[in-house]
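What follows is a set of notes on a single structure, which appears directly below.
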Amino acid sequence: MLQIKNLHASIEDKQILKGINLEVKAGEVHAIMGPNGSGKSTLASVLAGKESYEVTEGEVLFEEKDILDLSPEDRARLGIFLAFQYPIEIPGVTTTNFLKTALNQVRESRGEKALDAVNFLKMMKEKMKLVEIDQSLLSRSLNEGFSGGEKKRNEIFQMAMLEPKLSILDETDSGLDIDALKIVANGVNTLKSSSTATIVVTHYQRLLDYIVPDFVHVLYNGRIVKSGDKSLAFELEEKGYDWIKADVAETV
Amino acid sequence: MIKEQSILLDKLESGLDTSSTVRMDAWKMLQEVGLPSKKSESYKYTQITSILEKKANFDLGEQKAFDKRDLYKTSGSHLVIINGVFSKSDSAIENGVLVDTQEVTEGKHDPFSLLNTAFSPEEITIKTEGKVSPIFLYQVNSVGFSNPRIKVSASKSQEISIVEKSINEPNTFANSSISFDLDENSKINYSKIQAYGQESSVHETIFAKQLRDSRFYSNVFTFSGGLVRNNITISLEDENCEGYMNGLYILDGKSHVDNNTSVDHLKPNSYSNELYKGILDEKSTGVFNGKIYVRPDAQKTNAFQTNNNILLSDDASIHTKPQLEIWADDVKCSHGCTSGQLDEDAIFYLRSRGISEKNAKAMILNAYAAEATSHIPVPELKEEVEQLISNKLI
């Protein structure tokens, strides 16, 4: 589904990603872990098409198509979804209104008919249950005054509504208590299927107890320095990141 | 007097009616105070005199008939004013609305009010009795220099909604004046759409005088104009008055819009709230000046003022200046102004959900503008303003 080849990216002339290689197939869950400042969030943003990052080398193929020249909206319409680490507050725009616009623009790009108000509402009701989000929250301004947990649940709710093929969860666990974490993880697990894939970016192993990864990659200093199965996450939790840093130092 | 002023005033003098003392007095006073020069603080960013000298064609004398397609298709009274003269035959007036014309009376003493007094063809007065539907004012300004003068009075406990629309021809300069007298417990809601051509110049004076327990709302929406200057003053002359000033300007091209506003609290326990929002694109210029005066008697005053601006282009500019002058000691006052760009992170967020860049920007700007439209009392007008906002932003 997704192939990242030798990806280099920088922001304001500062090189952040220094040659990422990663392949994600349909049905798989990949976890990307790493210490602060290793480039995890940059990778997530670059995949979603954030324009402040400049890709200086490499390619990213989504379903065999190079997406690096595509706008963020075109990537979203192809089925790429980024759950933000810090969801943006947008005063005056309600979640409902925003999602209806988004969903119908995505449908339009696929040659599908726009959902009418009744069917949209029906779909919304169904997906709301998934993340236990309240109707009153959705008629408020997007993320404005939401608690950390509400913001993250709203991200997963949007993901449920847009039904992406590839979901990238950028530190979705940060700022969540254990109950909210379970709700969010449960939502993600329910949405998973053999035709979708998930990339979970996280600092801690905790989330991976609930969203179990098939592969764990360690990102350090702009490169993936170690890959393994879920046991790697436990090892990291136990030993921290220093031994990885030491490993890297040795091989250089 | 500086050169450009005297040329302008000389040009105008030939049109003066020398038999009227009110007009001659205003004219003499204008000679003394002069038109705003480069040094006038309150016209610092709007070189109105030299712009007028260059742009307005004072010799243009064409009368233009009213185009009925400009009418709002809704019940209420529809009053047509052509170059400052009330056109009864074009108007439709419901029972309870009293429209009259009279010889011009003395006005305010700032240069453009003096000009208006000197040259206004007549004073159009509007009063109401009992419950009345909204009053729609249509101003057609087609001659080079027009000076409409309108006076609205709300007697005790009357409620009046007024919607004004101006249709101005290119290369004209309209110097209009509208004043509101609010008696006890009355309410006036005044809304104005300003969508002029890039070659039109407008100076508009809006003045409201409020007595006890009255409420006044002004909603001014500016979408374009070569030069637009609005002088808006609310004078809260008694206790327990409420004055609201809402403004929205969405500008592009070379539009230049200057909102000069002031609220004067003279007595205790009154409230005022001012909210002006701007979106400036291309080479447009916005000026905002907001003054709040709280006089020594005006204890327990609540006065608030906000001016927010979004600049969409590097060539657009905004000059904003809030001013508070407080002589009373037990008051609650605040003012704030902001100017910035569209939030890139917010746009990216919306786009990452499949919304096009254009739509994402329009969504954010529409939401931003919506706050300033919340006091529009007439649904047809609200729709029109929302449509004008969308046209500009999408």
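The values are calculated or read from the model by the stated rules, or taken from the named source; none is laboratory data. Quantities reported herein were computed from a predicted structural model and do not represent experimental measurements. A quick note on method: Cβ atoms are made from the backbone with ideal geometry, for glycine too, and the neighbour counts reach across all protein chains shown. Surface accessibility is based on the protein's heavy atoms, side chains included, excluding ligands, DNA and RNA. Shrake-Rupley method; radii C 1.70, N 1.55, O 1.52, S 1.80 Å.
One table, with the values for the structure above:
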read-out	value
Test: residue in the stretch B:264-284 that is closer than 18 Å to B:Thr205 by Cα, hydrophobic (A, V, I, L, M, F, W, C) and in a strand (DSSP E or B)	no
In the stretch A:222-242, residue nearest to A:Thr56 (Cα to Cα) [restricted to those that are part of a helix (DSSP H, G or I) and open to solvent by 50 Å² or more (accessible area, probe 1.4 Å)]	A:Asp242
One residue from B:Ile232, B:Ile167, B:Ile206 being open to solvent by 30 Å² or more (accessible area, probe 1.4 Å), part of a strand (DSSP E or B) and within 30 Å of B:Lys283 (Cβ to Cβ)	B:Ile167
In the stretch B:140-164, the residues that are open to solvent by 10 Å² or more (accessible area, probe 1.4 Å), part of a loop (DSSP other than H, G, I, E, B) and either within 16 Å of B:Phe66 (Cα to Cα) or touching a strand residue (DSSP E or B) at 6+ places or on another chain (Cβ under 8 Å) (or both)	B:Val143, B:Ser155, B:Gln158
B:Val104 vs. criteria open to solvent by less than 80 Å² (accessible area, probe 1.4 Å), touching an Asp or Glu at 6+ places or on another chain (Cβ under 6 Å) and among the hydrophobic types (A, V, I, L, M, F, W, C)	yes
Total residues in the stretch A:91-143, condition on the phi > 0 side of the Ramachandran plot and acidic (Asp, Glu)	1
Single residue of the stretch A:76-103 satisfying the filter (open to solvent by 60 Å² or more (accessible area, probe 1.4 Å) and part of a helix (DSSP H, G or I)) that is nearest to the other protein chains (Cβ to nearest Cβ)	A:Asn97
Residue that is nearest to the other protein chains (Cβ to nearest Cβ) [pool: residues in the stretch A:104-115 that are more than 29 Å from B:Leu342 (Cα to Cα) and not acidic (Asp, Glu)]	A:Arg110
Selected residue (criterion: farthest from A:Leu166 (Cα to Cα)) from residues of the stretch B:326-371 that are within 8 Å of another protein chain (Cβ to nearest Cβ), in a loop (DSSP other than H, G, I, E, B) and open to solvent by less than 20 Å² (accessible area, probe 1.4 Å)	B:Ile355
A:Ala9 modelled with pLDDT of 95 or more and hydrophobic (A, V, I, L, M, F, W, C)	no
Count of the stretch B:372-394 residues which are touching a Pro at 6+ places or on another chain (Cβ under 9 Å) and either among the hydroxyl-bearing types (Ser, Thr, Tyr) or within 12 Å of another protein chain (Cβ to nearest Cβ) (or both)	0
Verdict on B:Thr320 being within 14 Å of chain A (Cβ to nearest Cβ) and assigned to a strand (DSSP E or B)	no
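Here's the yes/no breakdown for (1) touching a helix residue (DSSP H, G or I) at 6+ places or on another chain (Cβ under 8 Å); (2) at pLDDT below 95; (3) within 30 Å of B:Phe216 (Cα to Cα):
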{"position": "B:Ile318", "(1), (2), (3)": "no, no, yes"}
{"position": "B:Thr338", "(1), (2), (3)": "no, yes, yes"}
{"position": "B:Leu342", "(1), (2), (3)": "yes, yes, no"}
{"position": "B:Phe348", "(1), (2), (3)": "yes, no, no"}
{"position": "B:Ile364", "(1), (2), (3)": "yes, yes, yes"}
